[in-house]
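Here the structure is laid out as structure tokens; the discussion comes afterwards.
All of the numbers you see were taken from the coordinates with simple rules; none came from a lab. From a predicted model like this one, the values you see are computed outputs, not experimental measurements. When we count neighbours, we look across all protein chains shown, and the Cβ atoms used for this are built from the backbone with ideal geometry, even at glycine.
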Amino acid sequence: MKRSYTFIPLFLLLCVAIVACSNKNKTGMDSEDKESKTIVNVPQFDADSAYQYVKAQVDFGPRVPNTAAHRACGDYLAQKLEQFGAKVYNQQADLMAYDGTLLKARNIIGAYKPETKKRIALFSHWDSRPWADADPDEKNHRTPILGANDGASGVGVLLEIARQIQQQQPELGIDIILVDAEDYGAHQSYKGAHKEEYWALGAQYWAQSPHVQGYNVRFGILLDMVGAKDATFFYEGYSEEFAKNINRKVWNAANDLGYGRYFIKQQGATVTDDHLFVYQHARIPTVDIIQYSEEAGFYENWHTVKDDMDGIDRNTLKAVGQTVMEVIYKEK
């Protein structure tokens, strides 16, 4: 009796110990697996690739609405987004410019995971200024610009992001929205009122008539003039007004990545840009990554004939592109 009594508990204890160790190991493995699943490996943004996408646009010439170069570049952008696995929407619209010119505009949207409700929108304008009305030489004030930085740089960054998304999808759905007719605002010599609504015509159209019914996203990020050497980006005024938390999210990500010399955590100026109308008409909180300060103004070759590839710097493209990717891949 005594021997049997002693033997059974020892046997049971041994079984319990084995099961406990097994459960402990299983739990430990589950915890480790769970932790490994929460680690997000953000792809590396390729600045050389983005640079080539900027150049490809510039090679078409000025992308002014109603021109052959504009039509050809639009086809190229839509084809690239489709090549990179996006569901592509084309919004064709007749938009009235400030001077009565009817613009044959085209917004181009590339959607990733279109069925997913949790989404982020990435914006840039793909047209270029019809006139170099800020050029130091008055003879150039009616000459169209190439818009390497002012337009093509943001689009180039987004095309590279699209290429990366095709290879590794973020958790959220991503919409790359290339808006048209942003830069057809009033010529500096225009004697009438210079109204905000003269700018960003394509964004205004899209915000009032999105590419899908009931469209909604968590937030948006607009890229404008993001390719100049040693560019600095401050908290833009309208962004602070209606998307302050997104400003912090983006600028914190940039500084954590070591791009603090580009993304300055200080209040900047207020700029009329696509994001203003996206918020006004679609109520989507959108921040503007744009090179502008009260002291220096816009990019030095802004609205001049010198806004060409000589002004594009791969390091700046990398800083902006990697920052945006950090944000969209870490969002849950």
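Brief remarks follow.
- For the stretch 246-298, the Cβ-based charge dipole about the Cα centre amounts to some 260 debye (Lys, Arg positive; Asp, Glu negative; other atoms uncharged).
- Cα gyration tensor shape for the stretch 178-264, rounded if a/c is under 1.5, else prolate or oblate: oblate
- Computed extension length for Glu295-Arg218: 24.4 nm, one decimal, from 0.36 nm per residue of separation with the Cα-Cα distance subtracted.
- Peptide ranges 139-148, 169-178, 95-104, 252-261 listed from the most packed, as the mean C-beta count within 10 angstrom indicates: 169-178, 139-148, 252-261, 95-104
- Taking amide H positions as modeled 1.01 Å from N, with prolines and chain starts lacking one, the residues under 5 Å from Phe123 and 5 or more places away or on another chain are Ile177, Ile221, Leu222, Leu223.
- Per residue of the chain, the DSSP helices (runs of n ≥ 4 H) give a summed -39500 (n - 2.57) that works out to -13000 deg cm²/dmol at 222 nm.
- Cα→Cβ-extended label distance, 7 Å offset, between Gln188 and Asp59, nm: 3.2
- Length added when fully stretched, Asp310-Lys332, from 0.36 nm per residue minus Cα-Cα: 4.1 nm
- Shape class for the stretch 144-295: rounded, because the ratio a/c of the largest to smallest gyration tensor axis (alpha-carbon atoms, square roots of eigenvalues) is under 1.5.
- Estimated FRET transfer efficiency (Gln169, Asn90; beta-carbon r; R0 30 Å; 0.05): 0.85
- Rounded to the nearest 20 debye, the dipole magnitude of the stretch 290-332 is 340 debye, with +1 charges on Lys and Arg beta carbons, -1 on Asp and Glu beta carbons, and the Cα centre as origin.
- Scattering profile of the stretch 105-205 at q = 0.23 Å⁻¹ [log10 I(q)/I(0), Debye over alpha-carbon scatterers]: -1.18
- Label point of Gln52 set 7 angstrom out along Cα-Cβ; within the stretch 63-91, amide nitrogens under 17 Å from it belong to 76-77, 79-85.
- Extension gain for Lys117 to Thr270 (0.36 nm times residue separation, less C-alpha to C-alpha distance): 52.0 nm.
- Rough spin-label spacing in nm, given labels placed 7 Å along Cα→Cβ, for Arg71 and Glu196: 3.5
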